[in-house]
Structures are given as C-alpha cells and as structure tokens.
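Presented below is the structure to which this report refers.
All of the numbers you see were taken from the coordinates with simple rules; none came from a lab. In this text, all values refer to a predicted model and were calculated from it rather than measured experimentally. Neighbour counts are summed over all protein chains in view; Cβ atoms, including those assigned to glycine, are modelled from backbone coordinates with ideal geometry.
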C-alpha cells in the first residue's frame, strides 16, 4: 500500500496481519485489481510465518495495583491462577476462592513466595449464595472489600445433547450463570453500601461461536453478556465498571483434559485460527489486568473477543479459499 492508502499497480503490499510478509503483486485489469494465484499452502503443515509469537511478561508498569485488593473465583488453577499471578506481580493483594481449599492454598503459597505480596485462599462454592456470603465475610475480615473482582469460576464437559441430564445441565449453569450472579450481587451490594468503587471482569470461557456437544456450556455463557452490560449502565454511578472477556482456545490442563482429552482436536483448532496458534494464559491475564486497571478507567460495558481471529475466520463462508490462494 502507498502511504496515502491506495493500491499501486505492480507494487508489493504488506500483509496487514503479518506486518511484513510480502503479498503477491496486484495488477490493474480495466477497472479491476487482479491477484495471480499462488501455490496453495498444504493444510496441516506448519504455518510459513511466525508473526504472532506470544509475549508473556507483565504488560503494565510495576506497582499498577499497589494498595489494591483483587478477588478471583476459580483462582487456584488455569486462567484464574494466571490472572492472580499477574495481578500479584503488579502489586495487588489477592484473594482466590474455589471449592478445593488444598489446591487454593498451594497456589496462594507459590504465588506469594514469588511476588512477596499477600495471596489468601478461601473456600467457596459459588453455586451456594450462603457460601458466597460467608466467603465475603471472611475476605472482609482479612483484607476488606475488593477493588477488583474477576468472575472466573467455570464448569464444562462434552456431552451429546440427547444424553444431557437435568443434573448435568445444573452442574454447569449453577456455576457459570448463578455463581456469577451470586458473587456479583453479594459484593456489589456491599460495595454500594460502603460507597466503594470496583472494577469487575467476567471471564467468559467460551466465545460466541456455536459448537455441538457443549449446549450446557453455551447456554449460561450466552446469558451473562446482557446482565453485565446492563450493570455497567446501572452501577456506573456507584463507581463500578463491568467488562467481559470471551477467550478462544487457550490451553490449560483442566480445560483441555475435559474438552480434548486425547489431543485429537488441537491441530484442527490451530488450523482455523488466523494467528496460527493457541492463546497463552499469560496473554489473557494481561488483558484482564489492563481492563481492571486505571489505564482502562473509561472502559465499561465492553465485550472483548480474545481468540486470535478464530470467530471471524469461521464466520465467513469463503474463508476456506485461503487453502487455494
């Protein structure tokens, strides 16, 4: 592209996604631009470009969360652990909560020893509003009310819908939908009463693309968007911000052991992602930290798809032509 943005006949063009890969020259033919066909890239081979290597260090300046308290559900493993690590590295005191206290305590000890910042572990079953209230009571006694809330607790499993039982349905919706509501309401009401602002992120662990065999996962995850965005409008006057992250495939032991236990589908996932790889937990953690920080104080009600371009790649019926061009 020329500096002014117009295509120049016979000139080389930089691939906008690659930032440096030379594309085939474009030729004028009457009023049309034509691109000569190139030999197809064989499906299944490694991508011939590596422009999107992950950067996994903390993105924000040191001390960005000094004197802040972060509450992370599902913080003992996977993405929740990764977000706790980054927030703690940036100076936050953290409280992580889930049902498995032994896992939480091990994670809290490991992170605290690395960052030298406090990480408390509290047992909490987000499906039970009384358990959520008790957990918040414990947190207030330990550290006070939080400045950052990350609803990360999740549940998922693969099941053909015709075999799905009511208990199976409830096992996921009670965590992902009801659990998010119970935590948000319990903490939100207390923060409003205390006249304290907060930043809340909803880590929506399945993006809006539709897949079979995970109806039970998709149903609650398609629902939190309107309530969260509504709360961004309703509770902004109290100093509260709400944002949603919709990650694509990010490999963690817990998620992939349930969703792709044999590793059969990992390669096909990568093949349909334009950036050519799976996401890294630290990348999502950096995004969550940014959304929770003062650097994003004007950002509320956002729904951010974080998937390496997977959704838009699957959405277009002609996108498969990349195999022959």
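What to note about this one:
- Cβ-Cβ FRET estimate between residue 295 and residue 163, R0 fixed at 41 Å, reported to 0.05: 0.35
- Length gained on full extension, residue 238 to residue 142, computed as 0.36 nm times the residue gap minus the Cα-Cα distance: 32.2 nm.
- Three-way shape label, the range 247-325, alpha-carbon gyration tensor, a/c 1.5: oblate
- Fully extending the segment from residue 312 to residue 110 would add 68.9 nm, taking 0.36 nm per residue of separation and subtracting the current Cα-Cα distance.
- Cα shape, the range 69-312, gyration tensor, a/c 1.5 rule: rounded
- Using a Förster distance of 25 Å, the FRET efficiency for residue 56-residue 103 (Cβ separation, nearest 0.05): 0.65
- Distance between the modelled labels on residue 268 and residue 196, one decimal in nanometres: 4.8 nm (7 Å Cα→Cβ projection).
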